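In what follows, a single structure is set out as structure tokens and then discussed.
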Amino acid sequence: MTPQVLIRNVRLYGEGEPVDVLLGDEQILAIGPGLEAEADVEVLDGTDRVLLPGFVDLHTHLREPGREDTETIDSGSAAAARGGYTAVFAMANTDPVADSAVVTDHVWRRGQEVGLVDVHPVGAVTIGLAGKQLAEMGTMASGVGQVKMFSDDGKCVDDPLLMRRALEYSSSLGVLIAQHAEEPRLTVGAVAHEGPTAARLGLAGWPRAAEESIVARDALLARDAGARVHICHASTAGTVSLLEWARAQGISISAEVTPHHLLLDDSRLETYDGINRVNPPLRERSDVEALRKGLASGVIDCVATDHAPHAEQDKCCEFSQARPGMLGLETALSIVIETMVRPGLLDWRGVAKVMSERPAEIVGLDDQGRPLEVGEPANLVLVDPHTEWTVHGPDLASIADNTPYQDMTLPGRVTATVLRGRITARDGAVFPRTDGK
Ligand SMILES: NC(=O)N[C@@H](CC(=O)O)C(=O)O
Ligand SMILES: [Zn+2]
Ligand SMILES: [Zn+2]
């Protein structure tokens, strides 16, 4: 039996008077002042801390199977727990690709063995991410891994007919299609945002239209199929406008933004450091501002990390040769505080919404992103909003070190993460399952 956990003197959503929160039987057992607990209870001091529902990441790359030299389900789960996550969705662009239940079931089972976070497998939309033939979505959805989201992320499902069919199937299966919106004919050789900076630096440009044309197209396909579509890593002001337009038409479309697109812009590319290479590319300040506003107003539904570990030899090379992608799980909360909470664009309720409630809703997880109420599942994160920390890549739990925030001092940190009543991370230490289940 998991021992009870008592969180003392904590403010729920950072609001109201501090209370005690007692956890047991995987649930919230009681909320109130001066609670009593069993003798072997684990106590977490919640003084000056904020209690939120555990974070849900709709977009994580864990590299298992295939590139275990950069991340494994084990190491990625540790990064997730330390970042305050209680559920993550592991993208399908592994090797082999997660286009069959053999792979998706493995990812789910391995995540449960580690026990630090629920690792939900994302299934590929097309076989081998090749964009030619639909994968067997139904088999993956009904397997042990119960795949709820499908994506060819890393690649766009660019064939409109195939995308249309995928959307049609997805609505009958009740699953989510997440699109990496990139018209590949517009990004041949592209490594940086197409604009004055790339022109000056002599880097091949990735136009905003490469993303926006697919967002517009998929909104129309979703409309006609009566299906819903989710847009991965929205990166431009135009995407925000298109989302607003599509919503106004009653189209079922949702979207995420990454922490790095909320903070960084293409002025970072001056150094030609491959650490800043990412898909979609870092855009201009005006895009960053539009993404922040879009997230604050709800036009963009949620934050997703696009945590993308890469080996040093694949990052520390010529800019155009560097693999695209950045670590994100352990720094996401701090970047959201820096870009959204500090400027007054979101309060803690808003953080709960964009990092937990909306992502759980979008993908249909009924045990995550729940209200902090008695009887609800004890999937929680305790946040210290007052501290600051300096990011040091090698200290992160990921095997790879490719954080773009190296040496930056960031606000706020996770004190503890709780998954079904069990503490998975506390003050930077993680506690994998030891019960051998
Ligand atoms: N974001 C990235 O730059 N890279 C991702 C793929 C992706 O999300 O498109 C990766 O798998 O490394
Ligand atoms: Zn992508
Ligand atoms: Zn991705």
Query raised in the report: List pairs: first in the stretch 170-197 and over 13 Å from Val125 (Cβ atoms), second part of a strand (DSSP E or B) and more than 16 Å from ligand 3 (Cβ to nearest atom), Cβ under 8 Å, 6+ apart or cross-chain?
Result: Ser171/Arg228; Ala190/Gly205; Ala192/Gly205; His193/Gly205; Glu194/Gly205; Gly195/Gly205
Report summary line: Selection from the stretch 238-261 of residues part of a helix (DSSP H, G or I) and buried (at least 20 other Cβ atoms within 10 Å of the Cβ) yields Thr239, Val240, Leu242, Leu243, Ala246, Pro259, His260, His261
**Report entry** the stretch 15-66, subset of a type in the set (Gly, Ala, Ser) and surrounded by 19 or more Cβ atoms within 10 Å (Cβ to Cβ), residue nearest to ligand 3 (Cβ to nearest atom)
**Finding:** Gly54
Requested in this report: Residue by residue through the stretch 257-310, note down the ones that are in contact (Cβ under 8 Å) with a residue 24 or more places away in the chain and either basic (Lys, Arg) or outside the structural domain of Gly66 (by TED's automatic domain parsing) (or both).
Outcome: Arg268, Arg277, Arg283, Arg292, Lys293
Report task. Specify the residue that is farthest from the chain's Cα centre (by Cα); the eligible residues are those in the stretch 293-312 that are assigned to a loop (DSSP other than H, G, I, E, B) and within 16 Å of ligand 2 (Cβ to nearest atom). Result -> His310
Requested in this report: Would you check if there is a residue in the stretch 262-280 being assigned to a helix (DSSP H, G or I), within 26 Å of Val363 (Cα to Cα) and more than 16 Å from ligand 1 (Cβ to nearest atom)?
Outcome: no
Report task. Report yes if some residue within the stretch 67-88 is within 15 Å of ligand 3 (Cβ to nearest atom), surrounded by 24 or more Cβ atoms within 10 Å (Cβ to Cβ), under 15 Å from Thr305 (Cβ atoms) and of a type in the set (Phe, Trp, Tyr); otherwise report no. Result -> no
Report task. Give me the pairs, please: first residue somewhere in the stretch 38-59 and without any contact (Cβ under 8 Å) to a residue 60 or more places away in the chain, second residue anywhere and assigned to a strand (DSSP E or B) and aliphatic (A, V, I, L, M), beta-carbon distance under 6 Å, and either six or more positions apart or on two chains. Result -> Val41/Leu6; Val43/Leu6
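Can you spot a residue in the stretch 142-156 that is within 14 Å of ligand 2 (Cβ to nearest atom) and either modelled with pLDDT under 95 or at positive phi (or both)? Before you say what the answer is, go through the steps one by one.
Residues of the stretch 142-156 that are within 14 Å of ligand 2 (Cβ to nearest atom), as a first pass: 149-156.
Applying the additional criterion that residues be either modelled with pLDDT under 95 or at positive phi (or both) yields 154.
Checked against the condition, which is being within 14 Å of ligand 2 (Cβ to nearest atom) and either modelled with pLDDT under 95 or at positive phi (or both), the stretch 142-156 yields at least one hit.
The values are calculated or read from the model by the stated rules, or taken from the named source; none is laboratory data. Remember, it's a predicted structure, so these values are computed and weren't measured experimentally. Please note: Cβ atoms are built from the backbone with ideal geometry, for glycine as well, and neighbour counts cover all protein chains shown.
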